[in-house]
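Q: Sharing a structure with you now.
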Amino acid sequence: MARETPAGDLRLANLTKKFGAFTAVDDLSLTIPQGSFFALLGASGCGKTTTLRMIAGLEEPTSGQVLLADRDIARLRPYKRPVNTVFQSYALFPHLDIFENVAFGLRRRGIRSVDQQVRQMLSLVQLDGYERRRPAQLSGGQQQRVALARALINHPQVLLLDEPLGALDLKLRRQMQIELKRIQTEVGITFVHVTHDQEEAMTMADTVAVMNAGRIEQLGAPAEIYEFPATAFVANFLGQSNLIAGEVAGGNGGEILVTAHGGRFSVPAARARSNQGPVHLGVRPEKLHLAGTAAQVPAGCQYLDGTVSDASYVGVSTQYLLRTGWGTEVSVFAANSGAQQRFVPGDRAVAYWDPRHSFLLGRRTGEDDRTSPVLDEPVGASS
Ligand SMILES: Nc1ncnc2c1ncn2[C@@H]1O[C@H](COP(=O)(O)OP(=O)(O)OP(=O)(O)O)[C@@H](O)[C@H]1O
Ligand SMILES: [Mg+2]
């Protein structure tokens, strides 16, 4: 039985899936350490589900390997793989009660005394006492937990989760994120979680892989990729960034000097993905601060001046747009801590930042500033 396979890392090696002429997953190579919580994050259609389906055995790769503990499982039948999947639609058996839903995997393997294991699982997902209910008598979050218990009772080496929280409302979703993380820590099974919600990925995962058009753009710990994105796509998919088009004008010890729109800026060399030619100077909106005049900018900081073109109060913060002299708007998030000066549209202001919070990315010639779109949702929340 699958459970005897030696434990180990899950490795995708040059995994590719083509549907006709269209490449859905493009030469994907990555290693997911045993016992880690891994999130695959990307926009709709980028190939997340297709990747999971290949790991689960529901889709045959066009080429490449799926290795578990160095054993190629890509050609094993789905049920032979030490892998279970929880889908967005929980797909519980409506005619069976909760106990029997959870017991299903054990019964199918011919195991007769299931009582203790089922109760253990229900307790893990905090559904003690719900044994005799039917799925229709549970809330979305409870059904989701039953689906989780039903998968975990098989002791898979890898649990695949495809947007399992997609059907839940925001509050419940946040609760379940914390819950899922607790359960993962408790059972120590490798979780591969697919989502298009960046905050969800960052909340839960040890490692986040940002996927774009069938490829991984960047992979790392949440704080690592948020603080130092590798590409413009990542800078704006994982949170938001102001990306100012400039040119490298030279180096000065540990600093890289950049000219942009007539201004001169510096970025620590350690925060540069490129040190020559056209670049994007990146600063995240929450790393920008507003002041009335340049005289108020703290020593060591750099700044841009402009006119406030929008001020949106969103409770925890106020989100400003500052229109610069060259016409680009930069986005500034100011925490509503009560300590800051307020600005209204039409005010002249400067946006300043500590260069250690900026980053430098390579830029294709002709590519202009890339400022975050005007927000349609508050920071710290998502759909
Ligand atoms: N059976 C199929 N035949 C043809 N094209 C497919 C098939 N399955 C998926 N695709 C295409 O492959 C691409 C990746 O699909 P996939 O379902 O992996 O995306 P996803 O990242 O999971 O998106 P979402 O967030 O919307 O679920 C899409 O463009 C999709 O239309
Ligand atoms: Mg999908």
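What follows is calculated from the coordinates using simple rules that are stated; it is not laboratory data. This is a predicted model, so every value here is computed, not measured. Glycine gets a Cβ as well: all are built from the backbone with ideal geometry, and neighbour counts include every protein chain shown.
Q: To the nearest Å, what is the center-to-center distance of the stretch 263-285 and the stretch 61-89, using C-alpha atoms only?
A: If we compute the Cα centre of each part, the gap is 41 Å.
Q: Would you list which aspartates and glutamates come within 17 Å of LYS287, measuring only between C-alpha atoms, while excluding same-chain residues fewer than 8 positions from it?
A: LYS287 reaches GLU224, GLU227, ASP305, GLU329, ASP354.
Q: What are the principal axis extents of the Cα atoms in the stretch 131-251, in Å, biggest first?
A: The principal-axis extents, from largest down, are 71, 29, 25 Å.
Q: Arranged by the count of other C-beta atoms within 10 angstrom, fewest first, what order do SER331, SER29 take? Kindly include the intermediate steps, with their values, before the conclusion.
A: Numbers: SER331 23, SER29 12.
Least to most surrounded, the residues fall as SER29, SER331.
Q: Name the longest site-free stretch of the chain, where the excluded sites are trypsin sites (Lys or Arg not before Pro) in a DSSP loop with no more than 16 other beta-carbon atoms within 10 Å.
A: With a cap of 16 other Cβ atoms within 10 Å, the longest stretch comes to 134-272.
Q: A further question on this structure: Between THR231 and residues 5 or more places away or on another chain, which pairs have amide H atoms under 5 Å apart, with H built 1.01 Å from N, and which residues are they?
A: none
Q: Restricting attention to the alpha-carbon atoms of the stretch 200-258, what are Rg (one decimal) and Dmax (integer), both in Å?
A: For the stretch 200-258, the Cα radius of gyration and maximum Cα-Cα distance read 14.0, 40 Å.
Q: Around VAL114, which amide H atoms from residues at least 5 apart in sequence, or from another chain, sit under 5 Å from its own amide H, with H modelled in the peptide plane?
A: none
Q: Under a cut-off of 18 Å between alpha-carbon atoms, report the lysines in cross-link reach of LYS181, not counting same-chain residues fewer than 8 places apart.
A: LYS171
Q: Viscosity 0.692 mPa s, temperature 37 °C: give me the Stokes-Einstein translational D for the stretch 105-176 in µm²/s, with Rh taken as the Kirkwood radius over C-alpha pairs.
A: For these conditions, the coefficient is 248 µm²/s.
Q: Okay, next question. Hey, what do the phi angles of the stretch 241-251 turn into as Karplus ³J(HN,Hα) couplings, whole Hz, using 6.51/-1.76/1.60 and θ = phi - 60°, x for Gly and Pro?
A: The phi angles translate into 9, 8, 10, 9, 6, x, 10, 6, 10, x, x Hz.
Q: Share of Cα-Cα pairs in the stretch 13-108 beyond 16 Å, in percent?
A: On the way: 2883 of 4560 pairs.
Beyond 16 Å sits 63 percent of the P(r) for the stretch 13-108.
Q: When DSSP assigns beta bridges and you keep just the ones with both residues in the chain, what percent turn out antiparallel, to the nearest 5?
A: The antiparallel proportion sits near 75 percent.
Q: Beyond 17 Å, how much of the Cα-Cα pair distribution for the stretch 267-364 remains, as a whole percent?
A: For the stretch 267-364, the share of Cα pairs beyond 17 Å comes to 53 percent.
Q: Between ASP310 and residues 5 or more places away or on another chain, which pairs have amide H atoms under 5 Å apart, with H built 1.01 Å from N, and which residues are they?
A: Counting only residues 5 or more places away or on other chains, the set is LEU321.
Q: Using the Kyte-Doolittle scale, which helices in the chain average at least 0.0 and also have C-alpha atoms spread 15 Å or more along the helix axis, with helices defined as whole DSSP H runs?
A: 98-108
Q: Please report, in debye to the nearest 20, how large the charge dipole of the stretch 20-126 is about its Cα centre when each Lys and Arg carries +1 at its beta carbon and each Asp and Glu carries -1 there. Before the final figure, lay out each step's value.
A: Values: 12 positive and 9 negative charges, 90 e Å.
My answer is approximately 440 debye.
Q: If the reach is capped at under 30 angstrom between alpha carbons, list the lysines near LYS18, excluding any in the same chain fewer than eight residues apart.
A: LYS48, LYS80
Q: Does the stretch 199-325 come out rounded, prolate or oblate by the C-alpha gyration tensor, with a ≥ b ≥ c the root eigenvalues, rounded set by a/c under 1.5 and, if not, prolate when a/b is larger than b/c and oblate if not?
A: Note, shape of the stretch 199-325 comes out oblate.
Q: Which semi-axes, in whole Å and largest first, does the equivalent ellipsoid of the chain have when worked out from the alpha carbon gyration tensor as the square roots of 5 times its eigenvalues? Intermediate results must be reported in sequence, preceding the final value.
A: Numbers: eigenvalues 426, 125, 49 Å².
After scaling each eigenvalue by five and taking roots: 46, 25, 16 Å.
Q: What list do you get for THR50, THR62 if you sort them by fewest beta carbons within 10 Å?
A: Listed from fewest to most nearby Cβ atoms, that is THR62, THR50.
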